[in-house]
Amino acid sequence: MPNLRFPKITLWRVLVTLIFATGLYATYARFLQGFAASTNLSDGMPWGLWVGLGTLCGVGLSAGGFAVAAAAYILGFERYRPVVRAAVLISFLGYLTVVVGMLYELGLPWRVWHPIFMWNRHSVLFEVAWCVMLYTTVLTLEFSPALLEKLPWKRAREWYLRWHRAILIELVLIGVVLSSLHQSFLGGLYLITEGKLYPLWYSSYIPSLFYLSAIPAGLAVTIMALYLSARSLNARFDLSILGEISRLMAPLLAVYALFRGVDLVTHGALPYMFRWRSETGLFWLEIALFVVVPLVLLSSEQVRNNPQWLYWTCALVVMGFIANRLNVSVTGLQASAGVHYVPKWTEMASTIAILTAAVLAFRYAVLYLNIFPQPKERWMMKAATD
Amino acid sequence: MKTKAILVDITKCIGCRNCEQACKEAHGLPLENEPVLSATALTVVEQRGDKFVRRMCMHCQDPACASACPVGALKKTAAGPVAYDAGKCMGCRYCMLACPFQVPRYEWTKLAPYVKKCDMCAGRLEEGGLPACVQACPTGASLFGDRDDLLAEAQKRILENPAYVRHIYGSEEVGGTSVFFLSDVPFEKLGFVAAPTNHPLPTLTANALADVPTVVLLGSSLLFGLYWITDRRKQVALDEAKEKFFASHTDEKRS
């Protein structure tokens, strides 16, 4: 009876248990003791790590789903087909973490439904709330066949899959529009902080900057997840697809770099780039991680064709992206607010626990659902074409 | 009813802090002295050198907080005050990020926390009364009245007395507020925010949001166009393949 044995203790299992235990405590602190006990938020820094990492990065790094789906279904990049489902799954889980994280952020989380009935169409956050609701619905529908194709009732299953095929293109189109809006609106939240947000990050084009940076970052996450699935979860697909996606990433990063550079120069932020301040250092860290080093690495054929190198390049892009979002949401606001904010460990613990849950969900989905093309299917396709 | 406002003449403030106490009494807050604005101190008198500066909500004409609030819990009322509807608030705290004067405070220690800020005693105004702080001021440093009248009064004082800084703080800041300050010391030395601009901050987001329908329309037509081309190409390729297939088969039959 091997199932009744105590599960083998491995380093990963210990780590995951620790993460969930601390996350559980952080959740208790947040909901039963309040903000003061569970966060270092203050009147000067009302939005901290939960917004900066949980929401801004959570949404931004989930941009891969719409980008890959658009490439495969709308632009006709047929080579992307085998990984569309994985990309959509990542975005879907990413959005779920954002929704769960939002319950931690809101002071009165039981009122999370208020924007459905209480409208203020002048508010960017109102639009963001609607984008979250609508795009999470679209992602659920886009991903649903992976779950429902496992239904034991043949007729219901086939009816659903047929219906899904009929609306798939519309879903993808709506998804692209909604998530494009959502990515931009997140930047738009900071339009109103004119005079508060440090000039290295404030820009009247910040919605476009958020949009342009989210796509390559989302693709980077997709590449990383695909590589890990192939390496540790035994997913079988042609690994050269990773190189192909990265070929898309380099020009996207270059476009962002150009846009950002022109924007910084035109709104007179150039002198701020060389002042002896902590903002300057964090700005260059962000630029180096997100733009400079990845562009140098991606220009090499050797890196693009080596999945492991590519994986680490993408990790840099993701770190640079996180640096950018934290710079906008925390670093850039500290000087004007006159506070120095360092997140409390419970803020980190809850965020990490939510992310770990998403990673585990991805793992189990790949193991138990048909996220990647199955060997059997491939054999059948071969038989059909012969 | 004309829109109301408060004028604070810093040259007349003696730092007695009666306004603070009156505010706390009027709002049922604990009476101890607090040095800075908090969830239990909606107005405070700060000492800067030998001057006393009162802090409170500026009650902007076009408030950033009201435009930012996703559920419309904050509203500029016709009477002047920027009012907060606690029943709508969901605690997102975007108002705090949006406020150029860093006024709204949050009840960080509570399990059901709300936003706290000066409401210009809207309830008392409705009954024809004065804001508690103005009523408690013994020197007339805080005045209450019609916004236009107070602006005229402030202008008169500046013209009559050259000691005043030639600026009414709040007359132009972020498009104008309903709380004005007069001073004989430059405002930036008294810790006043060098108010970002002379336009209301909500216009910054309004401009961006106004572009949304155009972007959506253009974007979706572009996407649909791209899809159409992709689909058409596929069809053509399929037809060609079919033709070739049938052509080769008929050839085989003939031979």
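The values are calculated or read from the model by the stated rules, or taken from the named source; none is laboratory data. Values in this document were obtained by computation on a predicted structure and should not be read as measured data. Ideal geometry is used to build each Cβ from the backbone, glycine not excepted, and the neighbour counts take in all protein chains shown. Note: accessible area is taken over every heavy atom of the protein model, side chains too, but ligands, DNA and RNA are not part of it. Shrake-Rupley method; radii C 1.70, N 1.55, O 1.52, S 1.80 Å.
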Sorted by chain and then number, the residues having a modelled amide H within less than 5 Å of the amide H of residue A:108, at least 5 places away or on another chain, are B:91
Prolate/oblate/rounded label for segment A:129-269 (Cα gyration tensor, a/c 1.5): oblate
Classify segment B:3-53 as rounded, prolate or oblate from the Cα gyration tensor: take a ≥ b ≥ c as the square roots of its eigenvalues, call it rounded if a/c is under 1.5, otherwise prolate when a/b beats b/c and oblate if not. oblate
Estimated FRET transfer efficiency when R0 is 45 angstrom, pair residue B:233-residue A:16 (beta carbons, to 0.05): 0.45
Assign one of three labels to segment A:1-82, namely rounded, prolate or oblate, based on the Cα gyration tensor with a ≥ b ≥ c the square roots of its eigenvalues; rounded applies when a/c is under 1.5, prolate when it is not and a/b is larger than b/c, and oblate otherwise. oblate
Would you please name the GluC sites (Glu not before Pro) within segment B:1-42 that are DSSP coil residues with at most 11 other C-beta atoms within 10 Å of their C-beta? B:32
Let me know the volume per residue of the alpha-carbon convex hull for chain A, in Å³. 180 Å³
Over chain B, calculate the relative contact order: mean separation of alpha carbon pairs under 8 Å at least 6 apart, over the residue count, as a percent. 23 percent
Computed label-point distance, nm, for sites residue A:234 and residue A:340 using a 7 Å Cα→Cβ extension: 5.2 nm
Angle check, please: helix A:154-188 long axis (alpha carbons) against the longest principal axis of chain A (alpha carbons), in degrees 0 to 90, nearest 10. 20 degrees
Enumerate the calculated ³J(HN,Hα) couplings along segment A:191-206 in order (Karplus 6.51 cos²θ - 1.76 cosθ + 1.60, θ = phi - 60°), each rounded to whole Hz, writing x wherever the residue is Gly or Pro. 4, 7, 8, 3, x, 9, 6, 4, x, 5, 10, 6, 7, 6, 9, 4
For chain A, with all protein chains present and a 1.4 Å probe, just round the carbon and sulfur fraction of the accessible area to a whole percent. 69 percent
Chain A, relative contact order in percent, only Cα pairs under 8 angstrom and at least six apart counted: 28 percent
Which whole-number percent is the relative contact order of segment A:97-252 (Cα, under 8 Å, 6+ apart)? 17 percent
Non-local residues with an amide H under 5 Å from the amide H of residue B:80, with H modelled 1.01 Å from N and Pro and chain starts lacking one, are B:4
Using amide H atoms built 1.01 Å from N in the peptide plane, name the residues 5+ places from residue B:182, or on other chains, whose amide H lies under 5 Å from its own. B:8, B:9, B:10
Unsatisfied cross-links (Cα-Cα over 18 Å) in the set B:76/B:116; A:196/B:110; B:76/B:117; B:12/B:51; B:2/B:76; B:76/B:110: A:196/B:110; B:76/B:110
Accessible area buried, both sides summed, chains A and B with 1.4 Å probe, Å²: 4400 Å²
Using only Cα atoms and rounding to the nearest 10 degrees, what angle (0 to 90) does helix A:124-148 make with the longest principal axis of chain A? 20 degrees
Whole-angstrom gap from segment A:266-311 to segment B:79-116, using each part's C-alpha centre: 38 Å
Among the trypsin sites (Lys or Arg not before Pro) in segment B:46-135, which ones are in a DSSP loop with at most 15 other Cβ atoms within 10 Å of the Cβ? Mind listing them? B:110
Can you run phi through the Karplus equation (6.51, -1.76, 1.60; θ = phi - 60°) for segment A:8-16 and list ³J(HN,Hα) in whole Hz, with x for Gly and Pro? 5, 7, 10, 4, 5, 5, 4, 4, 4
If you add up the charges near residue A:214, with Lys and Arg at +1 and Asp and Glu at -1, over every other residue whose beta carbon is less than 14 angstrom from its beta carbon, what do you get? +2
Put +1 on the Cβ of every Lys and Arg and -1 on every Asp and Glu Cβ in the protein assembly as shown; which of B:191, A:130, A:67 then has its Cα farthest towards the positive end of the dipole? A:67
Accessible surface, segment A:1-120, averaged per residue in Å² (probe 1.4 Å): 46 Å²
